[in-house]
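Only one structure is covered here, and it is reproduced in the block below.
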Amino acid sequence: MKTTIAKKTAYIGAGAGLVLFAIFGLMPGSLIGGTMGINIAGWLFGLPLQSGLVARVIVLASMLIGVLVAGIVIVTATSTIGWLAGKVLEPGTHPTENTGEAKAAHR
């Protein structure tokens, strides 16, 4: 199997994205998702929220969705940046001409 520079740098970018997600994306994703969950549960059950099971499940599900969306966005962005950097670093491959056929065509 042929491994290109772009593929290697995409993997490096994805790894860096996982680290960046763990540092910068986990808490904000759960915070924003939890805020959305509280708003959704507030629309359904009224504010202030009671400590019912359904309201808690709504907030938990939205927190998980917020974390997943943050992870997908960060890892996709960094792997794309890595892939693009690899494409820039790859040497251009040009098809070589068969000199015998080229000379015969010119005669």
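The values are calculated or read from the model by the stated rules, or taken from the named source; none is laboratory data. Since we're looking at a predicted model, the values are computed, not measured. Backbone-built Cβ (ideal geometry, glycine too); neighbour counts: all protein chains shown. All accessible areas refer to the heavy atoms of the entire protein, side chains included, with ligands and DNA or RNA removed. Shrake-Rupley method; radii C 1.70, N 1.55, O 1.52, S 1.80 Å.
Considering G17, G29, which residue is of a type outside the set (F, W, Y) and in contact with a Gly (Cβ under 8 Å, 6 or more places away or on another chain)? It would help to see each step written out before you state the result.
Details: G17 fails: in contact with a Gly (Cβ under 8 Å, 6 or more places away or on another chain).
None of the other options fit; the residue is G29.
Are there any pairs, at least 6 apart or on different chains, whose C-beta atoms fall under 9 Å, with the first in the stretch 31-52 and among the aromatic types (F, W, Y) and the second open to solvent by 80 Å² or more (accessible area, probe 1.4 Å), and if so, which?
If the second residue must be open to solvent by 80 Å² or more (accessible area, probe 1.4 Å), the pairs left are F45/V54.
Looking at (1) open to solvent by 100 Å² or more (accessible area, probe 1.4 Å); (2) modelled with pLDDT of 95 or more, which is the only condition H94 fails?
(2)
So, of the residues in the stretch 60-73 that are open to solvent by less than 40 Å² (accessible area, probe 1.4 Å) and among the hydrophobic types (A, V, I, L, M, F, W, C), which turns out to be nearest to the chain's Cα centre (by Cα)?
First, pick out the residues of the stretch 60-73 that are open to solvent by less than 40 Å² (accessible area, probe 1.4 Å): 62, 66-67, 70-71.
In the following step, the residues that additionally are among the hydrophobic types (A, V, I, L, M, F, W, C) were identified as 67, 70.
Working: V67: 12, A70: 8 Å.
Once the filter is applied, the top-ranked residue is A70.
Right, A10: closer than 30 Å to G86 by Cβ, open to solvent by 40 Å² or more (accessible area, probe 1.4 Å) and in a helix (DSSP H, G or I) or not? Give the steps one after another, and end with the answer.
Working: closer than 30 Å to G86 by Cβ: yes; open to solvent by 40 Å² or more (accessible area, probe 1.4 Å): no; in a helix (DSSP H, G or I): yes.
So A10 does not fit the description; no.
On the basis of being open to solvent by less than 40 Å² (accessible area, probe 1.4 Å), within 30 Å of A6 (Cβ to Cβ) and either at pLDDT 95 or above or of a type outside the set (D, E) (or both), does G82 make the cut? Break it down stepwise before answering.
Working: open to solvent by less than 40 Å² (accessible area, probe 1.4 Å): yes; within 30 Å of A6 (Cβ to Cβ): yes; either at pLDDT 95 or above or of a type outside the set (D, E) (or both): yes.
Here the answer is yes, as G82 does meet what is asked.
Residues are listed down the side, and each one gets a yes or a no for (1) hydroxyl-bearing (S, T, Y); (2) closer than 30 Å to K7 by Cβ; (3) modelled with pLDDT under 90; (4) touching a Leu at 6+ places or on another chain (Cβ under 8 Å):
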| site | (1), (2), (3), (4) |
| --- | --- |
| L31 | no, no, no, no |
| T35 | yes, no, no, no |
| L47 | no, no, yes, no |
| R56 | no, no, no, no |
| A61 | no, no, no, no |
| L64 | no, no, no, no |
| A70 | no, yes, no, yes |
| V75 | no, yes, no, yes |
| G100 | no, no, yes, no |
